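Below is one structure, written out as structure tokens; comments come after it.
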Amino acid sequence: MAQVETGRFTVGVFQDVAWAEKGLAALQQRGFPAQAVSILAKETPEVAALIEKTLGGPGARLDVQGIGPALARGPIVEALEGSEHDLERLGIAGTMARVGFQMHDGQIFGALAARGGVLVAVKSEPRAADALATFYSHGGGNAAIGAWTGRL
């Protein structure tokens, strides 16, 4: 696995686009800039519209192992994708260690996204606890801070 300087991310998975919209609006209200936010979810017209509206541009189409066709945009995508299309080969579970999570966290995030959940991540080193509280307050299930960066 390639070593990539990634920073720390806070990640949560919302059950669907409607819940993700609420969580993303709360992040924006709390001052998290759109360029710090990432979205990754199964490819649907609703997800495409959410990414366009929230992040100001289209999502990249990826084939993610365990999920299938997905749309993604934001700083976490490059870290997970690497130079070898690792999301296609390894999925979320196999790549989340790059952003500070253990494999079992990645397995949970991947399973929830495969069921139609919307993974939202915030590159949030100085405000990770704020992002985590926002996720939990607005339906971001299994939200966690990537705390293992550099320790694997």
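For the reader, a short list of remarks on this structure follows.
- Verdict on GLY82 being under 23 Å from SER124 (Cβ atoms), buried (at least 19 other Cβ atoms within 10 Å of the Cβ) and touching a Lys or Arg at 6+ places or on another chain (Cβ under 8 Å): no
- The single residue among THR95, THR134 that is closer than 19 Å to ALA25 by Cα, within 15 Å of the chain's Cα centre (by Cα) and of a type in the set (S, T, N, Q) turns out to be THR134.
- Qualifying residue in region 70-79 (condition: over 25 Å from GLU125 (Cα atoms), at pLDDT 95 or above and crowded, with 23+ Cβ neighbours inside 10 Å): yes
- Residue in region 115-136 that is in a loop (DSSP other than H, G, I, E, B) and not small (Gly, Ala, Ser) present: yes
- Taking each residue of region 111-136 that is within 19 Å of GLU21 (Cβ to Cβ) and looking for partners that are assigned to a helix (DSSP H, G or I) and not hydrophobic (A, V, I, L, M, F, W, C) with beta-carbon atoms closer than 8 Å, six or more apart or interchain, yields VAL120/GLY23; ALA121/PRO75; THR134/GLY23; PHE135/GLY23.
- Qualifying residues in region 103-152 (those that are buried (at least 17 other Cβ atoms within 10 Å of the Cβ) and polar (S, T, N, Q)) - the one farthest from ALA79 (Cα to Cα): THR134
- Residue, farthest from GLY116 (Cα to Cα), within region 19-55, restricted to residues that are basic (Lys, Arg) and touching a residue at least 12 places away in the same chain (Cβ under 8 Å): ARG30
- Every residue from region 29-42 that is surrounded by 14 or more Cβ atoms within 10 Å (Cβ to Cβ) and part of a helix (DSSP H, G or I): ALA34, ALA36
- Looking only at residues of region 57-84 that are within 27 Å of PRO33 (Cα to Cα) and assigned to a loop (DSSP other than H, G, I, E, B), we find that the one that is nearest to the chain's Cα centre (by Cα) is GLY74.
- Test set (1) touching a residue at least 60 places away in the same chain (Cβ under 8 Å); (2) in contact with a Ser or Thr (Cβ under 7 Å, 6 or more places away or on another chain) - SER83 fails condition number: (2)
The values are calculated or read from the model by the stated rules, or taken from the named source; none is laboratory data. None of these values were measured; they are calculated from a predicted model. Note that we place each Cβ from the backbone using ideal geometry, even for glycine, and neighbour counts take in every protein chain shown.
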